[in-house]
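Values in this text are rule-based calculations from the coordinates and carry no lab data. Please read these numbers as outputs of a predicted model, since none were measured by experiment. Here the Cβ positions follow ideal geometry from the backbone for every residue, glycine too, while neighbour counts run over all protein chains shown.
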Amino acid sequence: MIKPNVKEWQDVIPAAELEQKWVTRVQIGRRLLAIYDTPTGVYASLALCNHGGADLTDGYFDGHVIECPLHQGAFDVRDGKAVCSPAIRQMQTFDTRVVGGIVQVLI
Amino acid sequence: MAEAIVTPLTQALAEGKLTRDELKSFMLRSNMPALRRLLIWIALLAATTYLITLTKGLWLVWPAMFIHGVILVHHFSLQHECVHYTVFRTRWLNDLVGNICGFIIMLPNRHFRYEHCDHHTYTQLRGHDPELVPMPKSWAGYLFYLTAIPYWKTKFNELFRHVKGQLSEEEIRFIPKSEHRTIFWEARIMAGGYLAVILAMVVTGWWGLVWYWFLPLILSEPVMRFIRMTEHVGRPQVKQMSDNTRTNLVSLPWRFLCWNMNYHAEHHYVSSVPFHALPRLHKKLKDHIYINKSGYMGAHVDIMRQLSTKTEPAFAKNKS
């Protein structure tokens, strides 16, 4: 039987283990995620840049903007909106919450 | 979902050449180092402008314009940093300063950004790297490149092409379709700006900008061509960043003018690192890159040696 595509909250990392005011890489199954510690809470996105495939978690992070380490294309991690070329497409973000000190992602 | 690629940075982290904490500390941005440097920059420009004023009517005006031009052509280095968003922490300041530099040296900022992205993706790969300066085939070719005539020809052709709303096949590859109109309007605004400047000189009868801007730029562009050749020309045309790029150890005045871009291999390893942190990154990576210790001239000696002996370039382990 084919499993229905239902999203579930998944534990990804204890909040205390996040890199403070920076981006942390986590692997959930086959997915590589970037978890962002920002002034307004924790956000999550796919870790690979949708422009050139570089790992965003090796990039520069400031406030709510993650910058790709290869071309400095940039995204707002709150909604995934591309804020700097050559990134032009919105990146995939995920709803995120912290429950009992654990970062959870709706995936 | 995007396919993961291996960048020089991911490789450096995986091989332990750089730790994640070091990377973070190198990447940190600030407005202050650039603002301090810009103050000195503007003071230097004012001094060389005054030098031209002092020497007007004398033969000395030509060396004065050349010296002024050497600073003018180095707006390329500042613009280059700006297209990487590493000069200022405040992102829009990079766009503003990058566009001003681009207007000074006729290098449209947005177009340069897209072109430069592909340069970083395909460094030194013939047919893919849009900024690749080929190894000259002859002494005549070498000297002709250094006149900057082929450079200006390319740049004027580019500008006119974009004003007309056209792109070359190569540009279509690296500029996304949604950005074509931006590139055309950028060129039109830039060309309009130059026309306005020329018209203003005609109307006022004051032709000072020819002496303070246009002539110095043309006189000194060969210096920038000379410097740009030292970055990759004569290095192997391979993917390996440790081999395809040359770091040149140069004196303080040149480092100041080029915004530390002489640490070119380090810049290609981690292009998110601002100019002021490149000397620290150099200390960390110096055993893993190709370094020429004899200044820009040393790089040209290497190029000339290859040109005269028709030999292949040395790889990183044989660094000079």
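Other residues with beta-carbon under 11 Å from the beta-carbon of B:Arg89 carry, at +1 per Lys or Arg and -1 per Asp or Glu, a net charge of +1.
Each label was represented as a point 7 Å from its Cα along the Cα-to-Cβ direction; for A:Gln27 and B:Ala200 these points are 5.9 nm apart.
Pick out which of B:Arg29, B:Arg91, B:Arg235 has the largest mean-square fluctuation in a Gaussian network model of chain B, springs linking Cα atoms closer than 10 Å. Looking only at B:Arg29, B:Arg91, B:Arg235, the largest GNM fluctuation is found for B:Arg91. Lacking any other cysteine beta-carbon closer than 4.7 Å, the following Cys residues of the protein assembly as shown have no compatible partner: A:Cys84, B:Cys82, B:Cys101, B:Cys117, B:Cys258.
In whole angstrom, note down how far apart the Cα centers of segment B:280-295 and segment B:38-68 are. Each part's Cα centre sits 34 Å from the other's. A Förster radius of 45 Å combined with the Cβ-Cβ distance from B:Thr55 to A:Gln92 puts the calculated FRET efficiency at roughly 0.15. Each of B:Leu93, B:Leu72 was scored by other Cβ atoms within 10 Å of its Cβ. Listed from fewest to most, they are B:Leu93, B:Leu72. For chain B, the longest principal axis of the alpha carbon atoms and the long axis of helix B:215-232 meet at an angle near 10°. Positive contributions from Lys and Arg (+1) and negative ones from Asp and Glu (-1), summed over other residues with Cβ under 11 Å from the Cβ of A:Phe61, come out at -2. Taking the C-alpha atoms only, the angle from helix B:61-73 to the longest principal axis of chain B is near 50 degrees. Can you give me the Cα centroid spacing of segment B:70-126 and segment B:140-183 in angstrom? Between the Cα centres of segment B:70-126 and segment B:140-183 lies a distance of 15 Å.
Determine the shape class of the protein assembly as shown: with a ≥ b ≥ c the square roots of the Cα gyration tensor eigenvalues, call it rounded for a/c under 1.5, and otherwise prolate if a/b is greater than b/c, oblate otherwise. Spell out each step's value before the answer.
Working: a/c = 1.96, a/b = 1.62, b/c = 1.21.
It comes out prolate by the Cα gyration axes.
Build a GNM of chain B with springs between Cα atoms under 10 Å apart, and of B:Cys117, B:Cys82, B:Cys258 the one that fluctuates most is B:Cys117. Estimated from helical segments only, the mean residue ellipticity of the protein assembly as shown at 222 nm is -14500 deg cm²/dmol, where each DSSP H run of four or more residues counts as -39500 (n - 2.57).
Between helix B:109-121 and chain B, what is the angle of the helix's C-alpha long axis to the longest principal axis, kept within 0 to 90° and rounded to the nearest 10? Helix B:109-121 sits roughly 20 degrees off the main axis of chain B.
Tell me whether chain A comes out rounded, prolate or oblate; compute the Cα gyration tensor, take square roots of the eigenvalues as a ≥ b ≥ c, and use a/c under 1.5 as the rounded threshold. Cα axes put chain A in the oblate bin. Which of rounded, prolate or oblate describes segment B:8-318 when judged by the alpha-carbon gyration tensor and an a/c cut-off of 1.5? The shape class here is rounded.
Taking amide H atoms as placed 1.01 Å from N in the peptide plane, the amide H of B:Asn292 lies under 5 Å from those of B:Thr247, B:Asn248, B:Leu249, each 5 or more residues away in sequence or on another chain.
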